[in-house]
1. Between A:Asn162 and A:Tyr125, 0.36 nm times their residue separation minus their Cα-Cα distance comes to what?
2. Arrange B:His328, A:His378, B:His305 by Cβ neighbour counts within 10 Å, fewest through most, would you?
3. As a test, work out the antiparallel percent of DSSP beta bridges whose residues both lie in chain B, rounded to the nearest 5.
4. Per residue of the protein assembly as shown, what 222 nm ellipticity follows from adding -39500 (n - 2.57) for every DSSP H run with n ≥ 4, rounded to the nearest 500?
5. When only DSSP loop residues count, what trypsin sites (Lys or Arg not before Pro) in region A:310-368 have their Cβ near at most 12 other Cβ atoms within 10 Å?
6. On average, how many beta carbons from a partner chain sit within 10 Å of the beta carbon of a residue in B:75-82?
7. Considering every residue in A:317-327, what mean count of other chain Cβ atoms within 10 Å of its Cβ is obtained?
8. In a solvent-free Debye calculation with one equal scatterer on each Cα, what is log10 I(q)/I(0) for chain A at q = 0.13 Å⁻¹, listed in the order of the q values?
Amino acid sequence: MEKKQLLQKLAEIVGKDDIRTSEMQLQEYSYDASLIKGKPDCIVIPESTLEVSRIARLAHENHVPLIVRGTGSSLSGGPVPVRGGIVLLTTPKMNRILEIDIPNQRVVVEPGVITLQLKNELAKYGYLYQPDPASEKTSTMGGNLAENSGGPLCFKYGVTTNHILGAELVLADGEVINVGGKSLDNPGLDLIGLVTGSEGTLAIATKIILRIMPKNEGVKTLLAIFDTVNDGANTVSEIVKSGMVPSTLEMLDNLAIKAVETFYKIGLPTDAAGLLLIELDGLNDGLDRLAGQIIEICKKNNAREVSLAKNNAERDQLWTARKGAFGATGRLRPNYLVNDGTVPRTKLPETLRRVGEIGKKYNVEIANVFHAGDGNLHPLILFDERDKDELARVHKAAFEILQVCVEVGGTITGEHGVGVEKLGALSLLFSPADLNALRKIKRVFDPDDILNPGKLILMESESSERKEVVYA
Amino acid sequence: MEQKPFFGKEAAENIYHCIRCGLCLPHCPVYREMREESAGPRGKVQISKRLYEGDLTLSEEIKDNYFSTCLLCGSCVANCPSGVNLLSLLQGVRWRGVQKFGTSWKNRLEFKMLSTHWMMSASVIMAEWARRYFGGEWIESKIHLGALSVDRIPPFSEKTFTEMVPEVAEPPKGNVKAKVLYFHGCATKYLNVGVGMAVVEVLTKMGVEVIIPKEQGCCGLPVFFSGERKTALSMIRNNLPLFARDDVDAVIIDCATCGSSLKNEYIHILKDLRELGEDVTADEIRAAELLSSKIQDVSLFIDSHRDWLPEIKPGGEKIRVTYHDPCHLAKAQGVRSQPRNILKSIPNVEYIEMNGADDCCGGGGSFQIDYPEISAKITKRKTDNIEATNAQFCATGCPGCMLTISNHVDPAIKVIHTVQILQQALKRSENSNG
């Protein structure tokens, strides 16, 4: 079908005021927070499941790629239309919280709801949706589902998939189905588990059922400063070994501390090798005792200083700084490339040492901000995209870091997804048979490869097995 | 046709520090209403990049977008972890956009008026004459000002502030503790004369000598953000020699927008124009830097010298007061605690903080006139938050916010400048002396 005809048909579905086709608009949907680029053919703003279903049918019949997008804060190229097609924008009209059921601890949301918007609404009832991706101020629930997002609190509470119980899905051919439900163990195949984290390649979620939890009575936030990264990493291992389950165990290395301090100016020591941000939550009774034990472990492992946030304002400050850490590195150098390889906790010191060596080898600066509790690294490789030679070195370094993660028994992504960025690294982890199994599943849901094509797994086998990371 | 460069090198660097994280989006009042990329800051930075690198041609759509979806509130600048300043990019694109596609005759007239003393004064006289001769109602039925209700806009003052005060106002008695220049802006001169009187009264009572240069004009911000950088240059050149003086302790400003203009924007715009080959001298840039270092919002000055204030005796009727953070004060100048400190230090004030105190009021100068629908939605959030406090007074530090909020909020709530509350308290305290 000609593009003109396609637009005509789309206009019949959503009305022409909800279609964007100008060059300015197309450019504005050609990026996310990664380095991947790709321009769509048009942007469509649906307002109901029925509209999404009709658009999917149209795309299916005409073999046009369909890419769902929230706010575009993805770090792996998830919503970037690398093969053109129709971008379905959920934020303007599919952004309602449909149901808040406090006694049963369930909510139902549309995909364009902002994560923090949901949390703020739940706070009025003293409730929480636990996962807390650093981008929660801007990320959408649809995006969280697609990427199976993590966050600092996931150490204790699990990642997004542990909080999504069901969904209304539009399939590639426009069929509308319901998977999962409000109960914890739903009959049949665990399709909601399959779709969560599928990066928009299997189906489009139009309604999402989530579990929520009451807010904890007490919170203690500790900040420990270290003169070596090893001491910090050993502290993490020892805390976990002790049987305590802090809600977060976050670590920043020297370069990350400097970046954060430059912008937020909260008095962090810029000469420290690393810091740990540790949070405990639960009933007030006993929290002080646990905090005391943690302070002891920190001191035993040579912490230079351990302090307890005195009030909510101090706590908020620390978290704002942590969650703005990626952005703050933008003050040191214009760009960064972040991988989120994950390694067993006990391998943290070794991995960090090797990451440092890779940085030296390729002469690139690397700042580390990571979820130490679950061994989820975020080495931020800093560079200036205008320097092409540096960019090439950055790509090589990034690939080697993922290699190291796999070598020590870890994996290539902890929460950001494969997207386009890590397609080339899949073969580090998966055998050809593993990859073919993924392809078979994809074919069942989307035989013509129209849902977010070019992400997660390439249907043309040879290109997924290239030994490099694809960035642009 | 070859496209002229949009930005100087320093401004262009902003483009390369945007990592597209999207953390600006939840802070942008326009994005929050529209939730499309074109409404938010990140989209504009990315379009600026493509324009600058020549991958995209400046279209009328882009020009219109840069005007219609930005309130200039600076929330994105204040909250960008990478330190990207969209405002300096915005100025460049609006400037070239206006050069390429022109500006509306209404805007041209408005800027000409703001830049010319006699035209401004004449139009004020005309407006007052018309109001009296035809009656407010008739005029109001003929004028449409976007989201603003004309019948709730306060009338122009019969006399301008400049006519009502001496050029140098001296403290009533005792030694002079400080000498300051007072930049009062157009709103105080023509509309809110009472704010200017309060500033002079409070400062002189503190023992401060206040110099009010009569030749001062518009700060230029509404003009240079509207793409008329050349006109703006003449305004900057009018103000610089009057205020860039190192023989004063401070330059006091009662208007958040004028303050951010003189403190932040003059340097930016002069540097940018000089880099782009316009006729701006290094001396002028140095003068702008000196001026910037002297600028102090009136609340900042008063709060840092609170011990100079006469004692305010307890007593009198309790009043419930809340405070609205003007974007150009809180986000552009970092003045947040000072006005609150002043209010809380007044014995008969019961201070109550509103939700979202630093959310934009939605006015954005002419934004509310040109784009009433979005503006009204943003203002509604603000007035709901104010009304929920049950305050009798909403204090703030910006005539623009005062106009917008007082136009939409429950009329029982009075919207006034922070310094006016202090002025009233000092008066009451003196009178209670007997």
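1. 11.2 nm
2. B:His305, A:His378, B:His328
3. Numbers: 3 of 24 bridges.
Antiparallel bridges make up about 10 percent of those DSSP assigns within chain B.
4. It comes out at -12500 deg cm²/dmol, rounded to the nearest 500.
5. A:Lys310
6. Counting other chains' Cβ atoms within 10 Å and averaging over B:75-82 gives 5.
7. Values: counts 0, 0, 0, 2, 1, 0, 2, 6, 1, 5, 14.
For this peptide, the per-residue mean of nearby foreign Cβ atoms is 3.
8. With no solvent term, the Cα-only Debye profile gives -1.24.
Every number here is computed from the coordinates shown, using simple stated rules; none is lab data. Since this is a predicted model, take the numbers as computed values, not measurements. FYI the Cβ positions are ideal-geometry reconstructions off the backbone, even for glycines, and counts take in every protein chain you see.
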